[in-house]
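Below is one structure, written out as structure tokens; comments come after it.
The values are calculated or read from the model by the stated rules, or taken from the named source; none is laboratory data. Computed from a prediction, not measured in an experiment: that's the story for all the values here. Note that each Cβ is placed from the backbone with ideal geometry, even for glycine, and that neighbours are counted across all protein chains shown.
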Amino acid sequence: MGYNFQFGVLVNYLPEFVGGLGLTLLLSLVGIFGGLALGIACAIVSVRGPLIPRVMVRVYVEIMRNTPMLVQIFVIFFGLPSLGIRLSPFVSVLLAIVLNNGGYIAEIVRAGIQSIHPSQVEAAESLGLTGGQTMRFVILPPALERVMTPIISQSVLLMLATSLVSAIGVEDLTGVAMIASSETFRTMEIYVVIAFIYVGLNFVFRALLNAVGLLMFKRSRQRLLGRA
Amino acid sequence: MREFGQAEVLFIIFALQWTLTLTALAFVGGGIAGLGVALLRISRSRIIRWLVSGYIQIVQGMPLLVLMFLCYYAPSLFGIELDALFAAGIALTLNASAFLGAIWESALRAIPKAQWESAEALALPQSKVLRFVIAPQAVRIALPSTVGYLVQIVKETSLASIIGFVEITRAGQLVSNATFEPMKAFVCVAILYFVICFPLSRFSQWLEARSPGRAKGTSRGKRSIRSKSPKTT
């Protein structure tokens, strides 16, 4: 192999990479928590709502889960202007990420809600709790706790998927890497470094989200620490 | 400027063969490599288990897009010019091997230890234990997730468009550039993906609903067991 790896040129791009990393983090966090909120709302509608909203949520979830995110980004960024809705690249990808993640989270949370035993709801009813109170205090906490692991996996996958925003020129970590590699021709060095940054981010996100889960759910905390 | 008409739709549909080729390449390649990964993950040697676990963590931990760039540009270090189809195929294969390996490993681990032990007590060699005792049970457990992951692969082939491989997403871009009708072009592409992925997703859900270990876990199953037991005893 007649190739010298030269990582030196990367140092000149440090500010760009830090900016790109920031954007990746921003997109990931908004996507994760926005998607979580949207997904929980959709899950509640799909188990409780009237027929028409329920069907609409079903259609939305199936579309998001069965088409690639890249195509969703293209439809929103390139397609919507022909309907008179012109969004900046950043807003388009943000919208695409939140909508995409919402679809996945909705399906995960729905499974969690349906795993709650009906007797729980009956017990809540006999205590005179309203429907909303039952959902908020009786169903959702254990349901979310049960599906915490798939939610974390999905969130990490979403963080990796934010790299797709570079396809429409948003300068996240991957976008910056594309620019830097076309300017310096140090393609391999740049992508190897980027790959390890993502692998690192992967662990950081997993740890942080697990910590959030432990803070939110007393029972998971007790399971971890032993009965305290 | 061209109108968005039948010819454009046909152009996108025609590109479907490349999406399907890439999917097949990734699924077969990833399946073979994934089987190796799964088997190595349950190997007796701790070092092998650790190495393979590291491989899974690294491949799952980097975006497929970055992996694809690496596979596309790395061969040129050795002076080999790799076709976009093969670069995308290799990247998807590596990615699928990590995910399928993890799915199949957990299926292998889900088989009760007694099955291994009793097969050993019958003096079956290791390879026959796997082939005749463990695999048939593990396949039933792993099938729903495997079909589910196939849907994932179909969608992931869209990333090959970024390195310039003409599958349906790239075909959609080309049509959109030629006709200035991005909405129609990309919605057409999305519909094609949906037509492939939706039946597969439903199939995966159907498999999961009728899989053996499932009935015990669901609340519905629990309830029916409880309500029936007083009558039978």
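Structure data summary
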read-out: Criterion: buried (at least 17 other Cβ atoms within 10 Å of the Cβ), facing chain A (nearest Cβ under 9 Å) and closer than 30 Å to residue B:83 by Cβ - qualifying residue of B:146, B:157; value: B:157
read-out: Failed condition for residue A:187, given (1) buried (at least 19 other Cβ atoms within 10 Å of the Cβ); (2) polar (S, T, N, Q); (3) modelled with pLDDT of 90 or more; value: (3)
read-out: Given (1) in contact with a Pro (Cβ under 9 Å, 6 or more places away or on another chain); (2) in a helix (DSSP H, G or I); (3) not small (Gly, Ala, Ser), number of the condition residue A:87 does not satisfy; value: (2)
read-out: Among residues of the stretch B:109-148, those that are under 19 Å from the mean Cα position of the chain (by Cα) and among the hydroxyl-bearing types (Ser, Thr, Tyr), counted; value: 2
read-out: Qualifying residue in the stretch A:133-142 (condition: within 14 Å of chain B (Cβ to nearest Cβ) and among the basic types (Lys, Arg)); value: no
read-out: Close pairs (6 angstrom Cβ cut-off, 6 or more residues apart or separate chains): without any contact (Cβ under 8 Å) to a residue 24 or more places away in the chain in the stretch A:77-105, of a type in the set (A, V, I, L, M, F, W, C) anywhere; value: A:79/B:183; A:79/B:186; A:82/B:183; A:95/A:76
read-out: Given (1) surrounded by fewer than 22 Cβ atoms within 10 Å (Cβ to Cβ); (2) aliphatic (A, V, I, L, M); (3) part of a helix (DSSP H, G or I), index of the condition residue A:105 fails; value: (1)
read-out: Tally, over the stretch B:42-54, of residues that are part of a helix (DSSP H, G or I) and either in contact with a Ser or Thr (Cβ under 7 Å, 6 or more places away or on another chain) or of a type in the set (Val, Ile, Thr) (or both); value: 4
read-out: Residues of the stretch B:34-79 satisfying the condition of being within 11 Å of chain A (Cβ to nearest Cβ), at pLDDT below 90 and over 28 Å from residue A:68 (Cβ atoms); value: B:77, B:78, B:79
read-out: Of all residues in the stretch A:30-82 being within 29 Å of residue B:160 (Cα to Cα) and among the polar types (S, T, N, Q), the one that is farthest from the other protein chains (Cβ to nearest Cβ); value: A:72
read-out: Residue check, residue A:111 among the hydrophobic types (A, V, I, L, M, F, W, C), assigned to a helix (DSSP H, G or I) and within 13 Å of another protein chain (Cβ to nearest Cβ); value: yes
read-out: The stretch B:172-183, subset crowded, with 18+ Cβ neighbours inside 10 Å and either within 9 Å of chain A (Cβ to nearest Cβ) or modelled with pLDDT of 95 or more (or both), residue farthest from residue B:28 (Cα to Cα); value: B:181
read-out: Residue tally, condition under 24 Å from residue B:210 (Cα atoms) and either surrounded by 21 or more Cβ atoms within 10 Å (Cβ to Cβ) or among the aliphatic types (A, V, I, L, M) (or both), over the stretch B:100-129; value: 10
read-out: Hits in the stretch A:194-228 - residues which are in a helix (DSSP H, G or I) and modelled with pLDDT under 85; value: A:218, A:219, A:220, A:221, A:222, A:223, A:224, A:225
read-out: Scope the stretch A:108-140; condition touching a Cys at 6+ places or on another chain (Cβ under 9 Å) and of a type in the set (D, E, K, R); matching residues; value: A:110
read-out: Test: residue in the stretch B:102-121 that is of a type outside the set (Ser, Thr, Tyr), under 27 Å from residue B:202 (Cα atoms), within 13 Å of chain A (Cβ to nearest Cβ) and part of a helix (DSSP H, G or I); value: yes
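To keep it simple, each residue is scored yes or no on (1) closer than 24 Å to residue B:195 by Cβ; (2) surrounded by 15 or more Cβ atoms within 10 Å (Cβ to Cβ).
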site: A:52; (1), (2): no, no
site: A:79; (1), (2): yes, yes
site: A:82; (1), (2): yes, no
site: A:88; (1), (2): no, no
site: A:93; (1), (2): no, yes
site: A:116; (1), (2): no, yes
site: A:124; (1), (2): no, yes
site: A:129; (1), (2): no, yes
site: A:140; (1), (2): no, yes
